[in-house]
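Below: the structure, in C-alpha cells.
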Amino acid sequence: MPAVILGKKPPTPAQPGAPNDAGGFSGPASPGNNADCTGSWNPIPDTKPTNGNDGANSTASGASGVPGTQGDNGNFLSVAVSEFISEGVIFVLEGGDGGRGADGGKGGPGQDGGKGGNGGGCEDGANGGKGGTGAKGAERAATAAFF
C-alpha cells in the first residue's frame, strides 16, 4: 500500500460586501391644493381640495455584486522519497473553494405620493397620491472557482 500524504485544504475566502443601495427620491410628489372656503354668507361656492399627485416609479436598479474571490492554491511540498518505498507516495494537495459572490444592491424605492389637500373646515379633505413602485434589486454575483 502506498504512503498517503494529505495536505490541509485552504480556507474559503470571505464574501465581499454588497454594493450600496440605489438612492431614492429627495421628497414626496406634489401635494394637492387646499379648499378655498368662501363662507356661508358668500354666494361664490367653495373650491374643493384636490388630491395629491402620485409618486413616480423608481428606475434606479440595484448595482451588481462583485464576483467571489478565487480560492487559494493547495499546499506545496518538497519531499525526498526513499527508494525503499516500493508502492509509491500519493500526495493530496487540494485547492481551496472559491469565495461566494457579493449580494446585489437593493433597488431604489418609489417616490411617496403627495398629501391630499386640506378641506379647511368647509369641505372633506382630499386623498393623498399613491406611492411609486420600487426598482428591482440586482442578483448575487457568481462564486469563484477553486484551483
Out of residues 5 or more away from residue 74 or on other chains, whose amide H comes under 5 Å of its own, with H placed 1.01 Å from N in the peptide plane?
-> 95, 96
For the pair residue 93 and residue 139, the simple spin-label estimate (label points 7 Å beyond Cα toward Cβ) gives in nm 3.7 nm
So for the pair residue 118, residue 8, with labels modelled 7 Å out along Cα→Cβ, what separation do we get in nm?
-> 7.1 nm
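Where does each of 41-50, 113-122, 8-17, 95-104 land if you order them by average Cβ count within 10 Å, highest first? Provide the component values of the computation, followed by the final result.
Details: 41-50: 12.5, 113-122: 17.5, 8-17: 14.5, 95-104: 19.5.
By packing density, highest mean first, the sequence is 95-104, 113-122, 8-17, 41-50.
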Label-point separation (nm) for residue 37 and residue 20, each offset 7 Å from Cα along Cα-to-Cβ?
-> 4.7 nm
Provide the per-residue ³J(HN,Hα) series for segment 57-70, in order, calculated from phi with Karplus coefficients 6.51, -1.76, 1.60 and θ = phi - 60°, each as a whole number of Hz, with x at glycine and proline positions.
-> 6, 7, 10, 7, 5, x, 7, 5, x, 7, x, x, 6, 4
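I'd like to know how the chain sits against the 2.2 N^0.38 Å rule of thumb: what's its Cα Rg over that expected value?
Values: Rg = 33.1 Å, N = 147, 2.2 N^0.38 = 14.7 Å.
The value comes to 2.26.
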Using the Cα atoms as the points, what is the convex hull volume per residue of segment 6-54 in Å³?
-> 108 Å³
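All of the numbers you see were taken from the coordinates with simple rules; none came from a lab. Since this is a predicted model, take the numbers as computed values, not measurements. Positions of Cβ are generated from backbone atoms using ideal geometry, with glycine treated the same way; all protein chains shown enter the neighbour counts.
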